[in-house]
Amino acid sequence: VLEDTCELLHRERHERVQAEACLSEVVKELQDKGPAILRQRQEWESAVQANQVTNHKLEVALGELQEMKAAMEFLRLQRERSMSDAASLERQNKDLTMQCRALLREVEELRNQLASPAVQRALVRSSSQGQNQGTPNIDENNMPEVGTGVDAQNFITQHLVIYKNVNQLQEQNQKLLKVVRQLSADNERETEKMMQQLREEYGNKIDVALKE
């Protein structure tokens, strides 16, 4: 029994020595690797913090990109509306031009009718009504031209006012068409300029955010 007890004590002592040696080795290894582990932890924390900053900048850049897309979409819709308005005004101008041409044809027909001898005689007879009975009759062979009789001149002027207004209307239509085309071109250039500025502005912001 004594021998067994001694053997057991000897084995326990040996195991304790081995355990202490192993523990000492672990402690020594921890002491040797402690600074490196601490440094790695600090580097990991710095990397996590930098990653958070980068993610925040990326979110900001994505938000600005969405704003740029919304602004470009707004400009695209505005450009489409402007082009649609310009096309509508141009169609209206074409319709008015057709109406003007039709009125011009009617006025030209009226001018030809007024220039006919029969109409001139009728106008002269109309101008002579209401005069005294002693007034000599007008010789139709020496009848004045349409532009020389007072009543005839007034009559023609009243009917030719439409012709002058049509000319003015046609000129205004041409000016309107020119203005519409100029406004459409200016709006298109301004839209392209604003879209280019937005691309450059937000593109630079995104590049800076991603580089930082």
Q | Test set (1) loosely packed, with under 10 Cβ neighbours inside 10 Å; (2) within 30 Å of M195 (Cα to Cα); (3) among the acidic types (D, E) - E73 fails condition number | A | (1)
**Q.** All positions within segment 47-64 that are of a type in the set (A, V, I, L, M) and under 20 Å from R199 (Cβ atoms)
**A.** L58, V60, A61, L62
Q.
Looking at T54, T5 in this structure, which one is surrounded by 10 or more Cβ atoms within 10 Å (Cβ to Cβ) and either polar (S, T, N, Q) or not in a helix (DSSP H, G or I) (or both)?
A. T54
**Q.** Top-ranked residue of segment 76-94 - restricted to ones that are within 15 Å of the chain's Cα centre (by Cα) and among the hydroxyl-bearing types (S, T, Y), ranked as surrounded by the fewest Cβ atoms within 10 Å (Cβ to Cβ)
**A.** S84
Q: Confirm whether R91 is at pLDDT 65 or above, farther than 27 Å from M195 by Cβ and in a helix (DSSP H, G or I).
A: yes
Q.
For segment 32-43, check the following and say yes or no: at least one residue is surrounded by 10 or more Cβ atoms within 10 Å (Cβ to Cβ), within 30 Å of R199 (Cβ to Cβ) and not aromatic (F, W, Y).
A. no
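The values are calculated or read from the model by the stated rules, or taken from the named source; none is laboratory data. Just so we're clear, the structure is a prediction, and the values are computed from it rather than from any experiment. Cβ coordinates were reconstructed from backbone atoms using ideal geometry, including for glycine residues, and neighbour counts include every protein chain displayed.
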